[in-house]
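Written out below as structure tokens is the structure these notes cover.
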Amino acid sequence: MYKVATTFLTRFIKPANIYKYGFNWSPMYRRTTAKLVEVSDDLHYVKIKLKLNWKNRNYAGSMFGGSMLSATDPIYMIQLIQILGNDYVVWDKAVTAKYKRPGKGTIYGEFVFTPEEIEDIKQQVKTKQQVDLEKTMQLVNAKAEIIAEFSKTIYVAEKAYYKQKQASRQAK
């Protein structure tokens, strides 16, 4: 449903705005209590904000770690899907969470892909047909103190290769 809506809306609205408002209006992402506050036109940069409130406060009075993790979870994957286009399959594969200090107040996170990283991903996939990409991001408070760090493993493959791989698995 989201992909169909995005395809339709790109006729009228910039992809960066679809990405930002699509996330912020999506019931699934709204439940994380986070908001996308900035998305670059090329989708290489995304910034989120997560405020401590009654919906994400844990027993100890700080931000629930699950809210932090869920707020960061889909960003890199969907960013790459949009940047790379329809010739690629992109999946979240794994995440490692390291909580450094209690989340109090408002925290922020940035998700960045450089043009060089995107070209490197394309070259690796062209050579190997599939790769596991490692990306790390941090949530920080207003003083730039690290609250949490998440290391994501993202699977990227050529769509044709992925379909062939799926077909061979089903044939077994």
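The values are calculated or read from the model by the stated rules, or taken from the named source; none is laboratory data. Small disclaimer: the values here were computed from a predicted structure and weren't measured. Neighbour counts are summed over all protein chains in view; Cβ atoms, including those assigned to glycine, are modelled from backbone coordinates with ideal geometry. Accessible surface areas use protein heavy atoms only, side chains included; no ligands, DNA or RNA. Shrake-Rupley method; radii C 1.70, N 1.55, O 1.52, S 1.80 Å.
Scanning the stretch 96-107 for residues that are assigned to a strand (DSSP E or B) and open to solvent by 70 Å² or more (accessible area, probe 1.4 Å) yields a total of 3.
Residue-wise test of (1) assigned to a helix (DSSP H, G or I); (2) among the hydrophobic types (A, V, I, L, M, F, W, C); (3) within 14 Å of the chain's Cα centre (by Cα).
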{"position": "Ala94", "(1), (2), (3)": "no, yes, yes"}
{"position": "Glu110", "(1), (2), (3)": "no, no, yes"}
{"position": "Ile118", "(1), (2), (3)": "yes, yes, no"}
{"position": "Ile121", "(1), (2), (3)": "yes, yes, no"}
{"position": "Met137", "(1), (2), (3)": "no, yes, yes"}
{"position": "Val140", "(1), (2), (3)": "no, yes, no"}
{"position": "Ala144", "(1), (2), (3)": "no, yes, no"}
{"position": "Thr153", "(1), (2), (3)": "no, no, yes"}
{"position": "Val156", "(1), (2), (3)": "no, yes, yes"}
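Residues are listed down the side, and each one gets a yes or a no for (1) under 27 Å from Lys49 (Cα atoms); (2) surrounded by 14 or more Cβ atoms within 10 Å (Cβ to Cβ); (3) touching a residue at least 24 places away in the same chain (Cβ under 8 Å); (4) not small (Gly, Ala, Ser):
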site	(1), (2), (3), (4)
Gln82	yes, yes, yes, yes
Glu116	yes, no, no, yes
Glu119	no, no, no, yes
Lys126	no, no, yes, yes
Thr136	yes, no, no, yes
Lys163	no, no, no, yes
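Whether a residue is open to solvent by less than 30 Å² (accessible area, probe 1.4 Å) and either of a type outside the set (Lys, Arg) or closer than 30 Å to Met63 by Cα (or both) was assessed, and Val156 passes this test. Please go through the stretch 50-62 and pick out each residue that is outside any loop (DSSP other than H, G, I, E, B) and surrounded by fewer than 16 Cβ atoms within 10 Å (Cβ to Cβ). Answer for the stretch 50-62, where residues must be outside any loop (DSSP other than H, G, I, E, B) and surrounded by fewer than 16 Cβ atoms within 10 Å (Cβ to Cβ): just Lys51.
I need the full set of residues from the stretch 40-70 which are out of contact with any Lys or Arg (no Cβ under 9 Å at 6 or more places or on another chain), hydrophobic (A, V, I, L, M, F, W, C) and over 26 Å from Lys163 (Cβ atoms), in order please. Within the stretch 40-70, Trp54, Ala60, Met68, Leu69 meet the criteria.
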